[in-house]
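The values are calculated or read from the model by the stated rules, or taken from the named source; none is laboratory data. Since the structure is predicted, the reported quantities are computational estimates derived from the model, not experimental observations. Cβ placement follows ideal geometry from the backbone for every residue including glycine, while neighbour counts extend to all protein chains displayed.
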Amino acid sequence: MDKTRWLFFVIMAWFITSCDPLITTFDDVESAVLYRARNTTSTPANNSTLQVMTWNIRFGIGRLPFFGDSCGDRSIFTENEVMTTLDSIVAKINSLDPDIVLFQEIDTESKRTAYIDQVQWILDHTNLNYGAFASMWKSQVIPSDGIGRIDAGNAVLSKWKIESADRIQLPLRGDQDGLTQLFYLRRNILKAKITIPNQDSFYAVVTHSTAFATDNTKQKHIDSFIDELERLESSNSFFVGGGDLNSIPPGALSHDFCETDQCAGDTQVHVNLDGGPHREGSYFNNFDNEPNLLEPLYNSYAPAIPLDIAIAGSTHTTHSTDSSFPWDRKLDYIFTNLNVVENSGTTHQDTRLLSDHAPVTCLVTIP
Amino acid sequence: MKRFAIILFITGLFCQQGLWQSGTAYTLPEGRWEVGLFQPARWGQGQAREISFYKLSSLFIPNISIKQKWSKLDDFVLSTNHTLLYPTPLLKKLQSPLGMDIGEPNMFALISPEFDIPPVIIISNMLLISMPLYSDRILTGKIGVSVAFGGSGLAKESTIDLPLVYHRLAVLYNGWSVRFGLDMNGSIKKSISYLIDGDILLIPGMKGDMAIEHKGMLAWKKSHRFQVSLGYKLVYGVYPDGYPNKNITRTHLLPLIDFQWARD
């Protein structure tokens, strides 16, 4: 083979092997993407407690009217709009200075949020030093509503080094046609092993269960999350786990938010007594026992907010679809097989303009 | 020798008169039409002038190109190609191909309906020089400049960040772009010809400011009137990014197929 042909072959091989797939699909279990802050800060040496936070940050658009979840009419946001919200999110994080944060709906490479890698940006602007990211929605183009290129998902950010992290695939929605499913979200559990001083096996686990499925996909997602925590428990590991479970706490006063969430111009709103179909994402009794989905978690592990407190009043509600509404349902949780410091669980409801979810924090005791 | 003479004859017949070869400096013989399924329709309007336009897409993107052959010095042929495009109807259609509003769901919309699309035109001018090489090959060099008018009101967030599309429409947002290219045409057999080309598109001053494209095509000529082409396109593109990088690179391999018919 002469040099010219060899060079041609090498160039062609490089081009072909480096081609990028249009839509990214995932193995059942694969390594998550690891991050590190541009400049790391010093880590606490001998903490007796850890502050853990979970926050669905709505990809850094605050309460801007996104078409997908707030009766909005926009799908693409400017760099300035996103940066303004990210500044406020970082200010909130820095004021609390958590040791570990479980993020949901965080974008890393999305046209809708000016392609800002929000994991890297938050690492670079807080005391958090290391990160792990698992894509929930990754495609070079979403051919709908001008969404375009997207990479959004869950992340664990930590002051301590993340030794390894796995992305665990959850079942896809069962109530969609094939084409929609192909371009739709691939939800996951992200499990990160964190190197905390004097701890051999400490994990942070985050998930974001389906919001809009009207079949029992959510049941499968919560079951998978529980299975993963049980595996850690049975291997004598410690964990903090949580996220936006898109489920109401057992015993919550209401499981029907169809009327609350309706958009202007909606002609048919099905409420609890009407039967279905109910508004996607606003009804929490689509299948048997859905209102009690989280019971096994409350029965087995320590919650950031004890159940009786969580369902009493509105102090710990974490979600509303519109910033003009008060927080009206609890969807965001932290559970652990460590001890939660009594009364440390807090729902930060002063964040109503920063996301459609409020962050939840608690202190856990390290043995 | 006999074989060489045949190849030379075929080259002269099919190549040097521009038959089936839209990328060279040669123009179609006067009166000849060539129409491809995906390739533009071409018409030899005069002895040294060719007019072409994209057919189906003309409904949404009115366009016309004129290629004028200026001179032939020794074996060199020099032409210029001038294209006028009005992409506004296409861009508006891409905001809602199925006539849906945002969130309905608005399937297949590649541009968010939230953006206003103003009237905008693109004018492209290209200089082409073709020269025959040994073994029946033709080498064509190209250099071109595109300018856009009326795109200043376009939100930069309304770009379509896809291979082939982004760098061609980037002129709308940037106001101008340049293009360099080399084509090699040749024949393998009497009825089988090939095309290998490479292009560089530059949009100075804009995020995602470059693309390198390479195409390889084999064409089978059933007759003077019909041709089938099969090939690939490799695109190495720089696309817009945000933080921490301003740009991101992607490589894509795309299949190409076309059926072309001709009439003299």
| task | Report whether or not B:Lys93 is of a type in the set (Lys, Arg), away from chain A (no Cβ under 14 Å), crowded, with 17+ Cβ neighbours inside 10 Å and in contact (Cβ under 8 Å) with a residue 24 or more places away in the chain. | result | no
| query | Taking the range B:204-234 on its own, how many of its residues are among the charged types (D, E, K, R), assigned to a loop (DSSP other than H, G, I, E, B) and either at pLDDT 95 or above or within 30 Å of B:Pro244 (Cα to Cα) (or both)? | reply | 2
| query | Within the range B:27-42, can one find any residue that is modelled with pLDDT under 90, closer than 29 Å to B:Tyr232 by Cα and loosely packed, with under 15 Cβ neighbours inside 10 Å? | reply | yes
| task | Output the number of residues of the range B:78-90 satisfying the condition of being in a strand (DSSP E or B) and touching a Leu at 6+ places or on another chain (Cβ under 8 Å). | result | 4
| query | Which number in (1) in contact with a Gly (Cβ under 9 Å, 6 or more places away or on another chain); (2) closer than 23 Å to B:Gln227 by Cα marks the one condition that B:Ser65 misses? | reply | (1)
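A quick yes/no check of all residues on (1) surrounded by 19 or more Cβ atoms within 10 Å (Cβ to Cβ); (2) over 26 Å from A:Asp99 (Cβ atoms); (3) of a type in the set (S, T, N, Q):
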residue	(1), (2), (3)
A:Ser135	yes, no, yes
A:Ile162	yes, no, no
A:Arg167	yes, no, no
A:Phe212	no, yes, no
A:Gln219	yes, yes, yes
| request: Output the residues belonging to the range A:329-356 that are within 28 Å of A:Glu81 (Cβ to Cβ) and touching a Leu at 6+ places or on another chain (Cβ under 7 Å). | output: A:Leu331
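Yes/no matrix, rows are residues, columns are (1) in contact with a strand residue (DSSP E or B) (Cβ under 9 Å, 6 or more places away or on another chain); (2) among the basic types (Lys, Arg); (3) more than 11 Å from chain B (Cβ to nearest Cβ); (4) in a loop (DSSP other than H, G, I, E, B):
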| residue | (1), (2), (3), (4) |
| --- | --- |
| A:Gln120 | yes, no, no, no |
| A:Gln140 | yes, no, no, no |
| A:Gly153 | yes, no, yes, no |
| A:Trp160 | yes, no, yes, yes |
| A:Asp166 | yes, no, yes, no |
| A:Leu185 | yes, no, yes, yes |
| request: Being buried (at least 17 other Cβ atoms within 10 Å of the Cβ), of a type outside the set (Val, Ile, Thr) and closer than 30 Å to B:Phe226 by Cβ narrows it down to one of B:Ser130, B:Ser191, B:Ser146, B:Ser158, so name that one. | output: B:Ser130
| touching a residue at least 60 places away in the same chain (Cβ under 8 Å), touching a Ser or Thr at 6+ places or on another chain (Cβ under 9 Å) and of a type in the set (Gly, Ala, Ser), is that true of B:Ser177? | no
| task | Go through (1) touching a residue at least 40 places away in the same chain (Cβ under 8 Å); (2) more than 14 Å from every other protein chain (Cβ to nearest Cβ); (3) among the small types (Gly, Ala, Ser) and name the single condition B:Ser223 misses. | result | (1)
| query | Among the residues of the range B:226-248 satisfying the criterion of being within 11 Å of B:Pro163 (Cβ to Cβ) and at the interface with another protein chain (Cβ under 10 Å from one of its Cβ atoms), which is farthest from the chain's Cα centre (by Cα)? | reply | B:Tyr239
| query | For the range A:184-195, which residues satisfy the criterion of being surrounded by fewer than 24 Cβ atoms within 10 Å (Cβ to Cβ) and not charged (D, E, K, R)? | reply | A:Tyr184, A:Leu185, A:Thr195
| request: Give just the number: which of (1) in contact with a Ser or Thr (Cβ under 9 Å, 6 or more places away or on another chain); (2) closer than 21 Å to B:Leu28 by Cβ; (3) away from chain A (no Cβ under 14 Å) does B:Met184 not satisfy? | output: (3)
| task | Go through the range A:96-117 and count every residue that is of a type outside the set (Gly, Ala, Ser), at the interface with chain B (Cβ under 8 Å from one of its Cβ atoms) and either in a strand (DSSP E or B) or touching a helix residue (DSSP H, G or I) at 6+ places or on another chain (Cβ under 6 Å) (or both). | result | 2
| remark: Listed by first then second residue, the pairs whose first member lies in the range A:76-94 and is of a type in the set (Val, Ile, Thr), whose partner is in a helix (DSSP H, G or I), with beta carbons under 6 Å and at least 6 positions apart or on separate chains, are A:Ile76/A:Arg112; A:Ile76/B:Glu157; A:Val82/A:Gly60; A:Val82/A:Thr113; A:Thr85/A:Gly60
| message | Condition (residue is over 13 Å from A:Asn56 (Cα atoms) and aliphatic (A, V, I, L, M)) applied to the range A:339-348: is it met by at least one residue? | response | yes
| In the range A:38-75, the residues that are among the small types (Gly, Ala, Ser), more than 9 Å from chain B (Cβ to nearest Cβ), crowded, with 19+ Cβ neighbours inside 10 Å and touching a residue at least 60 places away in the same chain (Cβ under 8 Å) | A:Gly62, A:Ser70
| message | Would you confirm, using the coordinates I've provided, whether A:Ser254 is small (Gly, Ala, Ser), more than 25 Å from A:Ile311 (Cα to Cα) and touching a residue at least 24 places away in the same chain (Cβ under 8 Å)? | response | no
| task | Would you confirm whether any residue within the range B:207-216 is of a type in the set (Lys, Arg) and within 14 Å of another protein chain (Cβ to nearest Cβ)? | result | yes
